[in-house]
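Below is one structure, written out as structure tokens; the observations come after it.
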Amino acid sequence: MSDMGIRNSLPEHTAATPAPDRRGIRRARDRKIGASWPLAAGLLVAACWAPFELSPFHTFQLSLAMVYAVALLGLNLLVGHTGQISLGHGAFFAVGAYTAAVMMDRWDTPYPLTLPAAAAAAFLLGLGFGIPALRLRGLYLALVTLAIAIFLVPLLKRFESVTGGSMGLTPAKPRPPAWTGLAEDQWLYFLALVVTVLSYLLVAGLLRSRVGRALHALRDNEIAAEVMGVRPAFYKTMAFAWGAAFAGIAGCVHIWLIGYVAPDSFTPTLSITLLAGLVVGGLGGQWGPLLGGLFVMYVPSFAQDVDQAAPGMIFGLLIIAVMYLAPNGLAGLAGRAAHWLGHRAGKGRTHAH
């Protein structure tokens with residue numbers, strides 16, 4: 001049969017099937033990202049204004065919320081964008097905190113140098129655990145990562161000469177330069193804000209690159225991604241390491257804010273709380289880590305105020321309520337509310353005409 005005969009024998013719908021419009025998909029993604037910039041700019045302006053209007057205690061709380069948001073950025077890379085699961089993120093947070101604390105307290109290292117060191121230490125630890133974790137999935141991976149968080153606390157207590165044991169370390173907090181005219185709480189707040197903004201920009205650039213597309217392909221269908229040339233072992237390991245690095249950065253800034261570190265601050269409860277905060281904030285979204293950081297900071301305090309005898313019960317009930325009302329997290333709830341308001345506004349304009 002000739003080529004013309006083969007073409008004529010094909011069904012009509014087969015010949016008319018359109019190819020995926022990649023340019024259209026890219027334009028839609030760029031429009032979505034572009035629409036979020038005004039909101040991000042407004043939040044940044046409000047964040048710069050906040051420490052001059054809030055009390056030192058509330059400024060400190062907002063600073064801690066940003067620290068948790070940075071930690072959740074890393075966890076979101078691993079859980080939300082790669083489809084892995086980790087119950088040991090608090091351990092990487094602790095590694096960053098202790099790296100910074102030891103360098104500042106024992107070696108008198110200037111505090112800006114502790115940030116890349118904490119990120120590197122957590123990155124290497126995440127890389128080391130990410131390689132054997134490739135053979136595990138689901139519940140088994142969750143148990144292994146939980147084991148990391150469990151054995152870290154007694155390990156830190158054992159090396160008392162370095163970590164300070166159960167008593168911990170008390171490095172000096174960064175002091176504001178005289179030329180800034182800022183109080184200590186304001187200076188620490190702006191340090192946390194700068195680190196948070198840079199972390200968000202770094203993650204946004206990473207996710208818009210080839211690396212982000214590979215992570216999403218692995219999350220959606222690992223077999224299909226491998227057929228398309230994505231190396232699952234490499235990208236999964238690197239996602240583990242990148243997520244750990246951001247947790248280490250958060251731990252370092254946490255030490256700048258607190259000025260104290262002890263093993264009992266990094267129990268497995270911290271890892272579970274971080275994962276719960278990310279799920280409540282919204283997995284895989286750009287605003288999920290920020291909302292999750294606010295949740296991790298303020299909801300336990302609220303639960304403590306409601307019932308000092310059983311704050312864990314109140315905290316758990318609040319998580320259940322949020323997940324019932326917003327299955328996709330607070331970021332998804334906000335998106336649905338914005339869509340509903342836009343739909344109502346569109347109907348109002350239609351009726352006006």
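The values are calculated or read from the model by the stated rules, or taken from the named source; none is laboratory data. Worth saying up front: this structure is predicted, and the values here are computed from it rather than measured. A quick note on method: Cβ atoms are made from the backbone with ideal geometry, for glycine too, and the neighbour counts reach across all protein chains shown. Heavy atoms of the whole protein, side chains included, go into the accessibility calculation; ligands, DNA and RNA do not. Shrake-Rupley method; radii C 1.70, N 1.55, O 1.52, S 1.80 Å.
Here the stretch 179-196 is the region considered, the condition is being under 20 Å from A250 (Cα atoms) and open to solvent by 50 Å² or more (accessible area, probe 1.4 Å), and the residue that is farthest from the chain's Cα centre (by Cα) is E184. Taken over the stretch 125-135, the criterion of being open to solvent by 30 Å² or more (accessible area, probe 1.4 Å) and in contact (Cβ under 8 Å) with a residue 60 or more places away in the chain is satisfied by L125, L127, F129, I131, L134. The lone criterion from (1) modelled with pLDDT of 85 or more; (2) under 30 Å from V45 (Cα atoms) left unmet by L156 is number (2). Entry remark, the stretch 274-296: residues being in contact (Cβ under 8 Å) with a residue 40 or more places away in the chain and assigned to a helix (DSSP H, G or I) number 16 in total.
Hey, can you tell me all the residues within the stretch 297-353 that are modelled with pLDDT under 75, hydrophobic (A, V, I, L, M, F, W, C), exposed (fewer than 13 other Cβ atoms within 10 Å of the Cβ) and assigned to a helix (DSSP H, G or I)? A337, A338, W340, L341, A345, A352 - these are the residues of the stretch 297-353 that are modelled with pLDDT under 75, hydrophobic (A, V, I, L, M, F, W, C), exposed (fewer than 13 other Cβ atoms within 10 Å of the Cβ) and assigned to a helix (DSSP H, G or I).
Taking the stretch 220-252 as the range and being open to solvent by 30 Å² or more (accessible area, probe 1.4 Å) and either more than 29 Å from V67 (Cβ to Cβ) or at pLDDT below 85 (or both) as the test, the residues that pass are D220, N221, E222, I223, A224, E226, V227, M228, G229, R231, A233, F234. The residue pairs whose first member lies in the stretch 219-238 and is closer than 16 Å to H81 by Cα, whose second member is open to solvent by less than 90 Å² (accessible area, probe 1.4 Å) and not in a helix (DSSP H, G or I), and whose beta carbons are closer than 6 Å, counting only pairs six or more residues apart or on different chains, are R219/T82; R219/G83. Is it fair to say G138 is exposed (fewer than 15 other Cβ atoms within 10 Å of the Cβ) and of a type in the set (G, A, S)? Judged against the criteria, G138 is a match. When the stretch 74-116 is filtered for residues that are assigned to a helix (DSSP H, G or I), in contact (Cβ under 8 Å) with a residue 60 or more places away in the chain and open to solvent by 10 Å² or more (accessible area, probe 1.4 Å), the ones remaining, listed by number, are V79, V95, Y98, T99, V102, M104, D105, Y111, L115. Out of curiosity, is A35 among the small types (G, A, S), loosely packed, with under 14 Cβ neighbours inside 10 Å and at pLDDT below 85? Taking the combined requirement at face value, the residue satisfies it.
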